[in-house]
Amino acid sequence: MIETLRGTSCESPPPGYFEELVDLCRKADILTIFDEVKVGMGRTGRFCAFQFEDAVPDVVTLAKTLGGGKREVGAMVTSQALFDQAYGSTQTCNLHSSSFSGMGGSCAVAIETLNVIDEEHLIERAARVGRYLRSGLEKLQQKYPRRIASLRGKGCFQAIEFAFGQETAGRFLDVRRNPLFVTWETVLIGALTRELFDRHGILVHFQPGARDLIHLMPPFIVEETEIDRLLVALDDVLDRGIADATVRFVIKNIKRVVG
């Protein structure tokens with residue numbers, strides 16, 4: 001079981017990885033399950049991220065976007081043969097249940113979500129605006145090469161990896177486990193996200209497992225003018241400097257603590 005585009009680090013395996021993985025597993029009679037809960041339903045510019053390669057897993061999991069922002073719903077997609085093997089007979093099926101499985105309202109929303117995505121060509125739109133966003137981020141990386149270490153992602157799931165001294169610190173300690181460095185990264189990434197929100201009203205997020213990344217996940221209907229606003233905001237914050245953002249962040253938090 002594997003995420004086709006990791007939800008925490010926004011990383012993909014090298015080209016050809018999924019094809020080889022599926023091939024090896026089939027030869028060894030091992031089922032492959034691709035987790036598309038976060039990036040499926042068109043976010044990467046394809047309905048599923050694994051479709052960038054000629055690889056078809058045995059099972060795909062979907063959720064999140066499947067509910068159209070209205071209902072909670074998840075789905076397992078598999079072949080008819082595998083479904084019949086697991087559920088085809090009441091005498092031999094692998095019975096399990098869920099308190100909320102098969103809810104009619106959620107299923108109706110999921111069907112309409114699929115219709116809207118198809119009829120309004122939102123997957124193609126996600127690919128197009130994703131390319132526009134990536135192009136703008138690449139220009140920022142050229143402008144701030146010492147601040148932006150790398151860019152990751154596809155379509156409407158992009159991430160910026162910031163240079164917080166990880167490479168230098170990594171020569172002397174495990175930067176992912178050392179509590180001082182973890183705290184340092186958390187303060188820096190928190191400062192950047194706070195600046196984007198306080199100065200520009202833009203909300204982005206980061207994950208505890210990747211404190212040097214800011215995730216950008218705009219809706220599929222985002223306009224280029226809104227992406228431009230984000231790029232201008234990032235440019236402003238980086239131009240002011242991470243040190244400036246950090247000082248403001250620390251001072252604000254001290255004031256909140258002491259009242």
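Screening the candidates R146, R152 for the property of being open to solvent by less than 50 Å² (accessible area, probe 1.4 Å) and outside any helix (DSSP H, G or I) yields one hit, R152. For the stretch 57-76, name all the residues that are at pLDDT below 95 and either more than 22 Å from H215 (Cα to Cα) or charged (D, E, K, R) (or both). Listed by number, the residues that qualify are K64, K70, R71, E72, V73, G74, A75, M76.
Looking only at residues in the stretch 100-129 that are over 20 Å from M76 (Cβ atoms) and touching a Phe, Trp or Tyr at 6+ places or on another chain (Cβ under 9 Å), the one that is most open to solvent (accessible area, probe 1.4 Å) is E120. Confirm whether E20 is open to solvent by 40 Å² or more (accessible area, probe 1.4 Å), within 29 Å of G209 (Cβ to Cβ) and assigned to a helix (DSSP H, G or I). Judged against the criteria, E20 is a match.
Note on the stretch 199-241: residues that are in a helix (DSSP H, G or I), under 19 Å from the mean Cα position of the chain (by Cα) and of a type in the set (V, I, T) total 1.
Restricted to the stretch 23-55, and to residues that are of a type in the set (V, I, T) and in contact with a helix residue (DSSP H, G or I) (Cβ under 9 Å, 6 or more places away or on another chain), which residue is surrounded by the fewest Cβ atoms within 10 Å (Cβ to Cβ)? Before the answer, list the steps.
Going through the stretch 23-55, the residues of a type in the set (V, I, T) turn out to be 30, 32-33, 37, 39, 44.
Within this subset, residues satisfying the condition of being in contact with a helix residue (DSSP H, G or I) (Cβ under 9 Å, 6 or more places away or on another chain) are 30, 32, 37, 39, 44.
Details: I30: 11, T32: 20, V37: 18, V39: 28, T44: 26.
Here the answer is I30.
Of all residues in the stretch 111-138, those that are under 15 Å from L62 (Cβ atoms) and modelled with pLDDT of 95 or more have Cβ atoms under 6 Å from Cβ atoms of residues that are open to solvent by 20 Å² or more (accessible area, probe 1.4 Å) and not hydrophobic (A, V, I, L, M, F, W, C), 6 or more apart or on another chain, in T113/G68.
Going by what's in this entry, would T246 be described as within 30 Å of E120 (Cβ to Cβ) and of a type in the set (S, T, N, Q)? Spell out the reasoning first.
Values: within 30 Å of E120 (Cβ to Cβ): no; of a type in the set (S, T, N, Q): yes.
Answer is no for this residue.
Do we find that F83 is hydrophobic (A, V, I, L, M, F, W, C) and within 27 Å of H215 (Cα to Cα) in this structure? Spelling it out, it is not the case that F83 is hydrophobic (A, V, I, L, M, F, W, C) and within 27 Å of H215 (Cα to Cα).
Quick test for you: out of S89, S97, pick the one residue that is farther than 27 Å from G155 by Cβ, modelled with pLDDT under 95 and open to solvent by less than 40 Å² (accessible area, probe 1.4 Å). Before you say what the answer is, go through the steps one by one.
Values: S97 fails: open to solvent by less than 40 Å² (accessible area, probe 1.4 Å).
Residue meeting the stated conditions: S89.
Of the candidates V257, V237, V247, the single residue that is of a type in the set (V, I, T) and surrounded by fewer than 12 Cβ atoms within 10 Å (Cβ to Cβ) is V257.
If you check R194 against the conditions, is it at pLDDT 95 or above and either touching a strand residue (DSSP E or B) at 6+ places or on another chain (Cβ under 8 Å) or farther than 20 Å from C10 by Cα (or both)? Full working, then the answer.
On the way: at pLDDT 95 or above: no; either touching a strand residue (DSSP E or B) at 6+ places or on another chain (Cβ under 8 Å) or farther than 20 Å from C10 by Cα (or both): yes.
No: the conditions fail for R194.
For the stretch 30-73, a residue qualifies if it is touching a residue at least 40 places away in the same chain (Cβ under 8 Å) and not in a loop (DSSP other than H, G, I, E, B), and the qualifying residues are A49, F50, F52, T65, L66, G67.
The values are calculated or read from the model by the stated rules, or taken from the named source; none is laboratory data. Owing to the predicted nature of the structure, the values given are computational and were not obtained by experimental measurement. Cβ sites come from the backbone with ideal geometry, for glycine too, and all protein chains shown count toward neighbours. Only protein heavy atoms, including side chains, enter the accessible area calculation; ligands, DNA and RNA are left aside. Shrake-Rupley method; radii C 1.70, N 1.55, O 1.52, S 1.80 Å.
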